[in-house]
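Structure first, commentary second.
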Amino acid sequence: MEQQKSAVIIGAGLVGSLWAVYLSKAGYKVTIYERRSDIRKAEISAGKSINLALSVRGWTALDAVGVGDEIREIAIPMYGRMMHDVEGNLNFQQYGKEGEAIYSVSRGKVNAKMMDIAETHGGATIHYNHTCQKVDLENGIVTLTDTINNKTFTVESEVIFAVDGAFSNVRYNSMQKMERFTYSQNFIADGYREILLPADENGNYRMDKNSLHIWPRGRFMLIALANEDGSFTCTLFMPHEGDKYAFDKLNSREAVNTFFLDVFPDFYKMMPNIADAWEDHPLSNLAIIRCYPWHKGKVALMGDAAHATVPFYGQGMNAGFEDCSVLWGLMQKHKENWPLVFDEYSRTRKADGDALQDLSLDNYFVMRDFVGDPAFILRKKIEAKFSSLYPERWMPLYSQVTFSNIKYSVAYAQGNLQNSIMDEVMALPEIEKNWESEEIMNYLVEKSKQFNFQV
């Protein structure tokens with residue numbers, strides 16, 4: 001009888017759990033080692049972390065192994081951004097075409113569901129409270145410590161996948177010791193704090209649940225995504241220090257109340273006890289981590305361990321799930337010749353990881369600085385009209401990233417070219433009056449001929 005192929009996954013998070021299902025479909029016996037305890041045995045608070053936004057790439061990877069519908073049960077569609085200005089006025093900006101949506105999911109709930117899926121669909125065995133100490137990359141030997149019993153042991157496997165997050169133990173303790181391994185870790189100046197806006201006294205949503213709510217305030221912003229129980233997980237992104245409005249200034253109840261009353265008065269009206277809830281969740285940091293190569297010997301990095309980014313495009317989870325799709329395609333192409341699979345994965349996927357990080361940083365400036373700007377809103381209207389008339393010539397960058405499977409690197413390059421064309425359009429005389437005219441659309445037709453757009 002042929003011995004079953006073996007695979008070890010370090011990290012039982014979202015990507016590791018999904019990858020277990022893929023590997024099981026290829027006939028692998030999958031064992032997952034997770035540093036934390038089983039989150040399914042603890043109460044999962046809706047506001048424990050930034051809610052996640054599932055979009056086409058994520059659904060494509062989930063549906064490819066038949067588990068998408070289980071996640072749809074806990075997902076809430078969001079059809080656009082709802083902008084809140086200081087006066088409390090609302091402005092809705094549709095994300096894509098009619099009916100296109102991104103989906104809000106609680107990180108805790110989706111992680112618990114993905115662990116269930118790894119066990120039921122993937123037949124994986126998950127060992128909790130196990131810390132990875134190091135990996136012998138060439139020989140595929142993992143050294144682990146059972147932190148409950150304080151016992152250290154080794155496990156050998158044909159292939160090992162490090163899916164243990166932005167601050168990956170495997171990458172830090174083993175891969176970063178390699179010669180010519182390139183690594184950078186950059187924290188942005190801003191941090192974030194979460195706030196749970198509860199349902200009203202009748203258990204209802206206090207705002208439209210099918211929108212991603214944004215309070216853009218120039219140098220910082222507040223966002224809110226709906227949960228299933230009528231609450232919203234809200235996140236305030238703001239400089240740590242060195243600004244008129246910064247986290248280091250909000251060090252008393254009075255300061256917190258004054259800040260929200262002045263800057264987010266409509267939010268304060270919904271949550272006048274904001275000062276009481278201010279420290280329910282810790283102040284956290286935001287980092288971009290780049291490294292290369294993403295593999296060595298029998299080991300490959302996936303998800304945040306390979307390409308951690310900031311959350312402003314809502315693509316971190318989607319990119320990690322897409323890693324699964326990409327690796328799966330390469331497994332078929334190279335008939336599970338892992339050296340060939342890993343080599344092509346590192347070489348081809350790295351550019352997409354870098355592009356997503358650039359996209360994520362760019363979108364922070366869009367969300368906090370421009371979404372409320374009349375010129376930006378007009379620009380988006382022109383793009384939407386032209387795209388609806390000539391879909392083969394133009395897909396807005398947001399749609400390329402969110403509502404397609406176009407490679408991130410291709411989308412970023414195309415988006416930059418489109419951006420330069422739109423700069424020219426916005427500089428045309430009296431564009432505010434003439435933007436819907438046939439003349440403007442024809443101008444865009446001519447300009448868009450210069451590049452071969454990938455849909």
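The values are calculated or read from the model by the stated rules, or taken from the named source; none is laboratory data. Computed from a predicted model, the values in this text were never measured in an experiment. Positions of Cβ are backbone-derived with ideal geometry, glycine not excepted, and every protein chain shown enters the neighbour counts.
Structural remarks
- Failed criterion for residue 242 (all others in (1) farther than 24 Å from residue 280 by Cβ; (2) of a type outside the set (S, T, N, Q); (3) touching a strand residue (DSSP E or B) at 6+ places or on another chain (Cβ under 7 Å) hold): (3)
- The residues on offer are 29, 41, 48, and the sole one that is at pLDDT below 95 and either more than 20 Å from residue 316 (Cβ to Cβ) or of a type in the set (A, V, I, L, M) (or both) is 41.
- Test: residue in the stretch 366-376 that is touching a residue at least 60 places away in the same chain (Cβ under 8 Å), closer than 20 Å to residue 62 by Cα and crowded, with 18+ Cβ neighbours inside 10 Å: no
- If you go through the stretch 1-23 and keep only what is under 21 Å from residue 338 (Cβ atoms) and either at pLDDT below 95 or of a type in the set (Lys, Arg) (or both), you end up with 2, 3, 4, 5.
- Residue match in the stretch 352-374 (condition: aliphatic (A, V, I, L, M) and farther than 27 Å from residue 239 by Cα): no
- Filter pass, residue 357 being closer than 26 Å to residue 290 by Cα and not in a loop (DSSP other than H, G, I, E, B): yes
- Leading residue by the ranking (farthest from residue 192 (Cα to Cα)) among those in the stretch 230-246 that are part of a strand (DSSP E or B) and of a type outside the set (A, V, I, L, M, F, W, C): 233
- Here the stretch 168-199 is the region considered, the condition is being outside any helix (DSSP H, G or I) and free of Cβ contacts under 8 Å to residues at least 24 places away in the same chain, and the residue that is farthest from residue 209 (Cα to Cα) is 179.
- Taken over the stretch 240-269, the criterion of being among the hydrophobic types (A, V, I, L, M, F, W, C) and either in contact with an Asp or Glu (Cβ under 8 Å, 6 or more places away or on another chain) or buried (at least 16 other Cβ atoms within 10 Å of the Cβ) (or both) is satisfied by 246, 247, 250, 256, 259, 260, 263, 264, 267.
- Per-region count, the stretch 392-416, residues closer than 15 Å to residue 382 by Cβ and hydroxyl-bearing (Ser, Thr, Tyr): 2
- Single unsatisfied condition, residue 152 versus (1) closer than 28 Å to residue 311 by Cβ; (2) assigned to a strand (DSSP E or B): (1)
- Filtering 91, 111, 129, 51 for residues that are closer than 29 Å to residue 391 by Cβ, among the polar types (S, T, N, Q) and not assigned by TED's automatic domain parsing to the domain that holds residue 404 leaves a single hit, 91.
- Comparison of 164, 208 shows that the only residue that is part of a loop (DSSP other than H, G, I, E, B), among the charged types (D, E, K, R) and surrounded by 20 or more Cβ atoms within 10 Å (Cβ to Cβ) is 164.
- Qualifying residue in the stretch 405-414 (condition: in contact (Cβ under 8 Å) with a residue 40 or more places away in the chain and more than 30 Å from residue 182 (Cα to Cα)): no
- Boolean, residue 327 is in contact (Cβ under 8 Å) with a residue 24 or more places away in the chain and out of contact with any Pro (no Cβ under 9 Å at 6 or more places or on another chain): yes
- Of everything in the stretch 290-346 that is over 26 Å from residue 108 (Cα atoms) and polar (S, T, N, Q), the residue that is surrounded by the most Cβ atoms within 10 Å (Cβ to Cβ) is 346.
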